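Chemist: Encoded as structure tokens, here's the structure I'll be asking about.
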Amino acid sequence: MGIELSYAVSKLQSLSTSDHASVVSMNLFVALLCACIVIGHLLEENRWVNESITALFIGVCTGIVILLVSGGKSSHLLVFSEDLFFIYLLPPIIFNAGFQVKKKRFFENFMTIILFGAVGTLISCGIISLGVIQIFKKMDIGSLDIGDYLAIGAIFAATDSVCTLQVLNQDETPLLYSLVFGEGVVNDATSVVLFNAIQSFDVTKIDPSIALHFTGNLLYLFATSTLLGAMTGLLSAYIIKKLYFGRHSTDREVALMMLMAYLSYMLAELFYLSGILTVFFCGIVMSHYTWHNVTEGSRVTTKHAFATLSFVAETFIFLYVGMDALDIEKWRFVSDSPGTSVAVSSILIVLIMVGRAAFVFPLSFLINLFKKNQSEKLSLRKQVVIWWAGLMRGAVSMALAYNQFTRLGHTQLRVNAILITSTITVVLFSTVVFGLMTKPLIRFLARSKQTTSMVMSDPSTPKSVSVPLLGEGLDSELDIPRPGSIRALLATPTHTVHYYWRKFDNAFMRPVFGGRGFVPFVPGSPTERSFVQGEGE
């Protein structure tokens, strides 16, 4: 009995020690996040550095300190987990992207965005995969099968346009911002779906039927994921509109919006769909309907809460990537042949640049052929900015690489260690070097000729409450001419879709789901007072 009691006490003590170590690690990590925010604020006016690079540098410096203190055993406070990234960090980033997007610009350029984000990603993945198959087989890095080569293509086809978006202005360069932003979201979704499809298919037996099945699976995932996100957003709008949560507590409105946004992502993961696409379109629908059904206080709260969660998640990811860059376990595998690791990283960077150029410029040429308005065409300068914006690699590439080449964050084979360290090198190099050059490059290439006064803000985002999903000015049918023939439909498809969408939205969607113009009835609010005064008169 005494032996059992002493064993239980020692077990509890070991658990207590482990818990204490976790608490210390979390405290240090939170303190580093605070440091990133403070230093990022101080460097706000810097021409070269952005918050992503700041977080990376702080992560690397912290990793060096931890490595020295631990005697070369570890360089990070937390163990990387794909679940941590995909379940907790990625959803708020993607949802806020959809929630804050200027919907008019996004849907006006929807086909261009799909071409760059989906078709372009497939082209880039194919070129990177073919390149590594031809080159890596001639190098002494280890044994890889066809599935690994295709996975490498999907991993490095995933862009990270955060650095570019931090310096592009939605009002000064609306077209560029819309294309870079939209392509980034669709690209992330395509890369993840493509990666999962490669893992689930037997790629050693590729034939026309497998290719057809693969294509059908991608289209099915895109369609169903989008539909699930839209339905979840509409359900949240209907519930909040019908039940008037603001009568009793605005906290419930905010909580319900947050939980249903997260529910859309988890439902997509449950049904093996694309959570990225689902939560993105859930954000778009919520900003168009649900956000207008809540009280004014809830509108301000949700807008800033979603933006804050997204900002913290992004900072967390870059901070961890900086720490993990010095993970001694992975570098020990390649310490006997550092030249091989450098060569692999260099080859991957070149293939990324070639793969991106292979679709940006040809697809831009095709897009320009169908654009009648000169201002809507993609000039060579804009094409260079779009190409440059997609050269950076970030958290999605890291997460996919860990998923393919590690087990629980640890590497067991030399070839896996080479690919993980090369991924880290590519992410660091592209984010820091390309990121540092982004601001001066954009200022040189993409100086907008339009003045800010000529560019109307798109009030369909949660920053304003005055226009419908695809409108830009007053909510009037006069600003979008009614199409009078099939020729008009073919000549101005965007305006035609706007016109019919607006009619359908006003006639069927808003009466059921609320949206712009719907004012929640809240006791004690100005709405109630004006209503009471009107009855008294």
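The values are calculated or read from the model by the stated rules, or taken from the named source; none is laboratory data. In this text the structure is predicted, and so the values were computed from the model without any measurement. We place every Cβ from the backbone using ideal geometry, glycine too, and count neighbours over all the protein chains shown. Note: areas computed on protein heavy atoms with side chains; ligands, DNA, RNA excluded. Shrake-Rupley method; radii C 1.70, N 1.55, O 1.52, S 1.80 Å.
Chemist: Sticking with the crude label model, points 7 Å out along Cα→Cβ, report the distance from Phe365 to Arg332 in nm, one decimal please.
Modeler: Computed distance between label sites Phe365 and Arg332 equals 5.2 nm.
Chemist: Now a separate question. Could you grab the relative contact order for region 243-312? Cα pairs under 8 Å, six or more apart, rounded to a whole percent.
Modeler: Once normalised by length, the contact order is 35 percent.
Chemist: Report the net charge of residues surrounding Leu378, where surrounding means a beta-carbon distance below 13 angstrom and charges are Lys +1, Arg +1, Asp -1, Glu -1.
Modeler: Surrounding charge for Leu378 is +2.
Chemist: Given the options Pro92, Val132, Phe116, identify the residue whose Cα lies farthest towards the positive end of the charge dipole of region 80-139 (+1 on Cβ of Lys, Arg; -1 on Cβ of Asp, Glu).
Modeler: Farthest along the dipole direction, towards plus: Phe116.
Chemist: Just want the answer: with Cβ charges of +1 for Lys and Arg and -1 for Asp and Glu, which residue in Val344, Phe316, Gly355 is farthest toward the dipole's positive end in region 306-365?
Modeler: Among Val344, Phe316, Gly355, the one farthest towards the positive end of the dipole of region 306-365 is Gly355.
Chemist: Going by average Cβ density within 10 Å per residue, which order do the peptides 366-379, 186-199 take, highest to lowest?
Modeler: 186-199, 366-379
Chemist: A follow-up question, please. About its Cα centre, what dipole magnitude does region 306-430 give when the only charges are +1 on Lys and Arg Cβ and -1 on Asp and Glu Cβ, stated in debye to the nearest 20?
Modeler: Taking the Cα centre of region 306-430 as origin, the dipole is about 560 debye.
Chemist: Using heavy-atom solvent-accessible surface (probe 1.4 Å) with all chains present, what is the largest-first order of Thr226, Thr290?
Modeler: Largest accessible area first, the residues go Thr226, Thr290.
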